[in-house]
1. Which distances, in nm and shortest first, link the A:GLY102 label point to the same label point in every other copy, taking 7 Å along Cα→Cβ?
2. Using only Cα atoms and rounding to the nearest 10 degrees, what angle (0 to 90) does helix A:270-285 make with the longest principal axis of chain A?
3. How many percent of the alpha carbon pairs in the stretch B:165-214 exceed a separation of 16 Å?
4. How high is the FRET efficiency between B:GLU360 and A:GLU29 when r is their beta carbon distance and R₀ equals 22 Å, given to the nearest 0.05?
5. If I build a Gaussian network model for chain B, linking alpha-carbon pairs within less than 10 angstrom, which residue out of B:ALA110, B:ALA122, B:ALA101 has the largest mean-square fluctuation?
6. State, to one decimal in nm and shortest first, how far the label point of A:GLY31 sits from each corresponding label point in the other identical copies (label point: 7 angstrom along Cα-to-Cβ).
7. About its Cα centre, how strong a charge dipole does the protein assembly as shown have in debye, to the nearest 20, once Lys and Arg get +1 and Asp and Glu get -1 at the Cβ?
8. Alpha carbon centre of the stretch B:64-83 versus the stretch B:142-198: separation in Å?
Number of protein chains: 2
Amino acid sequence: MAKSADVRGPVLVVGTGLLGASIGLALRELGVEVGLQDISPAALHLARDLGAGTPAGPDFHPALVVVATPPDVIVPAVVAALRDHPDAVVTDVASVKGSLAGRVGEQVGAAVAQYVGSHPMAGRERSGPAAADSDLFQGRTWVICPHETSSDAAVGAVRALAIAVGALPRVMEAAEHDAAVAAVSHLPQLVASLTAARLRELPAEALALAGQGLRDVTRIAASDPMMWSPILAVNSAAVLPHAEALLASLSDVVNALRTAAAEGMGAPGVMRVFAGAIEEGRQGAARIPGKHGGAARRYAEVMVFVPDKPGELGRLFAEIGQAGINIEDLRMEHAAGAKLGVATLSVLPARAAPLMEHLEELGWRVMVS
Amino acid sequence: MAKSADVRGPVLVVGTGLLGASIGLALRELGVEVGLQDISPAALHLARDLGAGTPAGPDFHPALVVVATPPDVIVPAVVAALRDHPDAVVTDVASVKGSLAGRVGEQVGAAVAQYVGSHPMAGRERSGPAAADSDLFQGRTWVICPHETSSDAAVGAVRALAIAVGALPRVMEAAEHDAAVAAVSHLPQLVASLTAARLRELPAEALALAGQGLRDVTRIAASDPMMWSPILAVNSAAVLPHAEALLASLSDVVNALRTAAAEGMGAPGVMRVFAGAIEEGRQGAARIPGKHGGAARRYAEVMVFVPDKPGELGRLFAEIGQAGINIEDLRMEHAAGAKLGVATLSVLPARAAPLMEHLEELGWRVMVS
């Protein structure tokens, strides 16, 4: 509640899907007046019924407009908001920022001071107002991309909105943002989807051998095509160089596989291509920041075998809780066909031995990774 | 201990790396006599010091030989074992089975009844005897690939070994096994490595936007090039068709990205390619079996926000434990830069509401996925 004073209302939310309705819910919890607009009466009324705000008529005068429409109709919606509410700050939440500000400027025909684009990096595999939650933005990064003529006041208003809903504002240039999400979000989505697509015709016996590696690589392939195809299209210029580089490296590997299949692994150059591909991947993976956006910290991992019986995981939780040891991270893994899971607990290296001792005393089978 | 009677010892382990030393440890715990061989005296003595068995001299007469050498020296090691121990069953643990039996048969110059190849699907990111653990095979699948002349007794001996160390034996043809692991293990490894390699030259500011999706896709890219490059080389024929299909689909997407970047997202066919790629991925991902090797079961997911303070995750565990609700699975996620994590708990749909109520009463912020 302490944050409500920083967001200047009323706030108009245009587009009451997952993001718009979630923003409405979060602001309403802070006591901020929220008006809602959506071309779909069903989505509008559902968002209202959920408590995200009140349908806004022509006499609604917002201090801040948040355009949360699908990406392909963002520009006209921002332009309309600027014309209808010349005194309000206008932002949008599209996941590609690119030429938005330029296209808005062209249509408004003037330097646009009160518009600033932004991108809250929050989402779910489900969409629509029914999936909305006031906690959706908690702990997420909210990127703000000011263009040349964005006013400081506009940037400040969006920053206040981000903080109010629990997000971490981060200012970046639009091109820098788009290049970043192309590499860390759009390319991985593409790779996960194309890899998962290979599983469509696999025999069930082969899929039964799937382990955690395949599950991890393809988890985000469950995403919605109607959400992702516009993102890939709109950010095509930024995704293209990464996809081309991937294509070239995959092509090298395919050639090496072909040579190895025909001439054997002793054929000159074959092992260099394979070892190079795996080694370069190791170098790249090591650059992904760990917790808190810093360099990856090294934790000790304690693996605990959990029989797949009701209550066992609950008992483990209770008994870890009794140990009074801070668990930094954890992961559950089930082998295909196994009546047993493995819980991997990350702890500070100095805490691994006491944790293992505590759990072993209680009869758990543990090992250190 | 009940299983020890089923494994006929003594067992000779040839190659005392991660797998060989782990087999030795597991068998010693069951009281089975284990002899060890390794061309590296350092690895041999370390495995002995860890309790994996005793260095085997020429007068060691095993009932079962497990060849756990690196993949490129498996065939001569199996041939030597068959010549030195004509009465013993011989198996190997190489992750590609392919032509092994045929090549062994050629060299031994006879129908080989007492040899049968196998593949325990267990591993870690670390290698060598120092990483060994008697629990390494718990709950893992151990594939057994009999060739035409493998005796039932040989298959039975390897099956007994697998069960004794806690694994689940599964009999498959070698070609079927190699095709399966090419698709569910080797291709995903390649994809993860090539995708992670793209991160090498990314600015740190871009990497700071990395979310759970990128982390999942690239987790296995941390693997060892010296382990993976021989696997790709030896199984090249089985990996090749999958890699070629992936190359073709990636090439289609690159062409669509190029068209979209040049002509805009309205260019004919562009959206069909993007939506098709994501949709096909969704279909493929849906085929990955869930727990217990069956069809993926649907659990309700309850997300709990966990402040990043010492003891909070431990407190959550303790309080979930008190609820007496069976947690089917869980996942921790940390946003980059956030002082907050999200624990996603999977429970049977009927248990989601009581769990949420219990946690909310205790002051946790929760949402249903």
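Nothing in this text is a laboratory measurement; each read-out follows from the coordinates by a stated rule. Note that the structure is predicted; figures quoted are calculated from it, not measured. Note that each Cβ is placed from the backbone with ideal geometry, even for glycine, and that neighbours are counted across all protein chains shown.
1. 5.8
2. 50 degrees
3. Working: 760 of 1225 pairs.
When all Cα pairs of the stretch B:165-214 are counted, 62 percent exceed 16 Å.
4. Numbers: r = 15 Å, r/R0 = 0.66.
Approximately 0.90, to the nearest 0.05.
5. The residue with the greatest mean-square fluctuation here is B:ALA110.
6. 7.3
7. Numbers: 58 positive and 76 negative charges, 50 e Å.
Magnitude of the dipole: close to 240 debye.
8. Cα centroid to Cα centroid, the span is 17 Å.
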